[in-house]
Amino acid sequence: MEDNEDGIVLKNPEGMELIQTVDFFTPIVNNPYYFGQIAAANAMSDVYAMGGEPYSAMNIVCFPTKEMDLNILIEILKGGYSKVLEAGAIMAGGHSVEDKEIKYGLAVTGIVKKEHIATNKGAKVGDLLVLTKPLGTGILATALKAKWEGYKEIEELVYFWTSKLNKVAGEVIRKFNIKGATDITGFGLGGHLLEMSKASNVQIEVWSEKIPILDRVIELTQIGLVPEGSHANRRFCEKMVKISSDVDPILIDIIFDAQTSGGMVLCVPEERVDEVCSFLIDKGEMGAVIGQVKPLQGNIFLNIV
């Protein structure tokens with residue numbers, strides 16, 4: 001963009017398909033640099049979830065320039081840029097508008113070989129579900145906004161997990177030829193698994209006691225610090241979901257908690273699940289087996305036990 005052009009010309013890598021996605025939102029943490037990193041990591045997750053790698057990114061910015069210090073905006077952009085660099089992609093400019101509310105994210109172009117593409121419709125009966133990040137960021141972000149006791153520590157915990165790229169999970173898709181995958185964001189684990197089960201015409205069984213949960217999330221859920229979006233997720237899905245009577249209602253709230261920059265769920269053939277989990281753990285990531293793909297029974301696409 002050195003010559004003040006309105007666009008950028010990139011060479012299309014030979015033999016690659018393009019993935020295009022966009023996402024932006026309002027701050028979930030107080031630190032502007034953290035927010036930039038989280039928003040960028042979140043936007044690039046859709047590329048990783050399809051087995052791709054981010055290739056280029058463009059900023060999407062809304063900011064009240066007349067009311068707030070521009071250094072806040074600079075820190076947000078620095079945070080986003082740092083994550084794009086970490087992903088090995090090119091920051092290709094972007095667009096900003098004057099707005100009373102801060103919003104930030106990225107439009108991302110990714111690349112992937114055709115044989116490595118994973119989708120929602122790739123879940124096969126017998127596959128085990130491997131989750132790569134713990135749940136609860138929506139509940140923690142609600143507590144952070146309320147400045148609940150220990151909110152500074154909560155912010156650091158939210159930042160650690162939500163700024164973490166799903167890069168290694170994307171590697172798993174390519175290395176192990178995974179065909180079914182999704183990232184966990186605004187619809188929560190339950191909502192995104194329901195999307196996958198419907199697209200694949202299967203039933204997904206979730207083992208509620210096996211789901212990893214972030215520190216303090218159970219305590220805060222018991223108090224009632226559950227975002228409205230999480231309740232909306234549950235209401236929208238309930239007609240296609242069966243919940244065993246012995247499942248703790250607190251766990252159901254967490255399963256439908258609206259996540260920001262959550263982990264990925266990988267549908268892994270049973271004979272390869274140990275290998276996949278070992279690969280994730282060796283790379284410093286989490287690999288938790290939380291359920292299995294079953295044959296479809298009636299109109300129940302998601303069975304929580």
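The values are calculated or read from the model by the stated rules, or taken from the named source; none is laboratory data. It should be emphasised that the depicted structure is a prediction, and the values quoted were computed from it without experimental measurement. Neighbour counts run over all protein chains shown; Cβ positions are idealised from the backbone, glycine included.
At a glance:
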read-out: Options LEU85, LEU73, LEU106: the member that is surrounded by 12 or more Cβ atoms within 10 Å (Cβ to Cβ), within 23 Å of the chain's Cα centre (by Cα) and either at pLDDT below 95 or over 23 Å from GLY138 (Cβ atoms) (or both); value: LEU85
read-out: Hits in segment 135-170 (condition: in contact (Cβ under 8 Å) with a residue 40 or more places away in the chain, of a type outside the set (A, V, I, L, M) and more than 22 Å from GLU228 (Cβ to Cβ)); value: GLY150, TYR159, SER163, LYS164, ASN166, LYS167, GLY170
read-out: Odd one out for VAL247, checked against (1) of a type outside the set (Lys, Arg); (2) within 19 Å of VAL125 (Cα to Cα); (3) surrounded by fewer than 17 Cβ atoms within 10 Å (Cβ to Cβ); value: (2)
read-out: Leading residue by the ranking (surrounded by the fewest Cβ atoms within 10 Å (Cβ to Cβ)) among those in segment 25-42 that are among the aromatic types (Phe, Trp, Tyr) and out of contact with any Asp or Glu (no Cβ under 6 Å at 6 or more places or on another chain); value: PHE25
read-out: Some residue of segment 266-279 being free of Cβ contacts under 8 Å to residues at least 60 places away in the same chain and among the hydrophobic types (A, V, I, L, M, F, W, C); value: no
read-out: Filtered residue count, segment 148-170, keeping only those that are in a helix (DSSP H, G or I), in contact with a helix residue (DSSP H, G or I) (Cβ under 8 Å, 6 or more places away or on another chain) and under 16 Å from ALA41 (Cα atoms); value: 9
read-out: Evaluation of GLY126 against (1) of a type in the set (Gly, Ala, Ser); (2) surrounded by fewer than 23 Cβ atoms within 10 Å (Cβ to Cβ); (3) assigned to a helix (DSSP H, G or I) (one fails), failing number; value: (3)
read-out: Where a residue in segment 179-199 is within 8 Å of VAL265 (Cβ to Cβ) and its partner, wherever it lies, is of a type in the set (Val, Ile, Thr) and part of a helix (DSSP H, G or I), with Cβ under 6 Å and at least six apart; value: ALA181/ILE173; LEU189/ILE255
read-out: Cβ-Cβ under 9 Å pairs, at least 6 apart or on other chains, segment 200-222 side on the phi > 0 side of the Ramachandran plot and touching a residue at least 40 places away in the same chain (Cβ under 8 Å), far side among the small types (Gly, Ala, Ser) and part of a helix (DSSP H, G or I); value: ARG216/ALA143
read-out: Test for SER230: is it under 22 Å from the mean Cα position of the chain (by Cα), buried (at least 21 other Cβ atoms within 10 Å of the Cβ) and in contact (Cβ under 8 Å) with a residue 60 or more places away in the chain; value: yes
